[in-house]
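Questions regarding the structure given below will be posed in turn.
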Amino acid sequence: MREYNRFLVEMGERVFEKRKKLGWSQETLAEKADTSKQTVSSIERGERDTGAQTLARLANALGVSTDYLLIGQGRNEEYRLPDMGVDKLKEHQFRYITKVVRDYIDVCGKDAE
């Protein structure tokens, strides 16, 4: 459990640092990520985990990859999903699309070998 708490704190720090670098308030990030200020605040303090959809919305709003927010690796600059309405998907639709993309990447990666 202690390792998981550290993970949440580190993820929250990355959200906070990127938000501050952009000069945004928590309210601004919440609006851009279609979530609440309380959610942003709780995530930044490492007190709250986030679902896949909220994570994707935060990453997209901040212009970073979800990998960067989760583990500190991956793209951390100028990385946004095209405006295709991804943020409007229901959670089960988002999980399905994520699985399709991961499967596609796995297949492409094997073809490249």
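Lys20 is checked against (1) outside any helix (DSSP H, G or I); (2) more than 22 Å from Gln93 (Cα to Cα) and fails just one. What number does that condition carry?
Tallying (1) outside any helix (DSSP H, G or I); (2) more than 22 Å from Gln93 (Cα to Cα), Lys20 fails exactly one: (1).
Looking at the stretch 32-53, which of its residues are crowded, with 19+ Cβ neighbours inside 10 Å and at pLDDT below 90?
Of everything in the stretch 32-53, those that are crowded, with 19+ Cβ neighbours inside 10 Å and at pLDDT below 90 turn out to be Thr50, Gln53.
Looking at the stretch 25-42, is at least one residue over 14 Å from the mean Cα position of the chain (by Cα) and of a type in the set (A, V, I, L, M, F, W, C)?
no
I'd like the residue in the stretch 1-31 that is at pLDDT below 95 and hydrophobic (A, V, I, L, M, F, W, C) and, out of all such residues, is surrounded by the fewest Cβ atoms within 10 Å (Cβ to Cβ).
The selected residue is Met1.
Continuing with this model, one more query. So how many residues does the stretch 1-45 have that are in contact with a Lys or Arg (Cβ under 8 Å, 6 or more places away or on another chain) and on the phi > 0 side of the Ramachandran plot?
1
Mind checking which residues of the stretch 54-89 are charged (D, E, K, R) and at pLDDT 75 or above?
Arg57, Asp67
The values are calculated or read from the model by the stated rules, or taken from the named source; none is laboratory data. What you see is a predicted model; the values in this text were computed from it and never measured. Ideal geometry is used to build each Cβ from the backbone, glycine not excepted, and the neighbour counts take in all protein chains shown.
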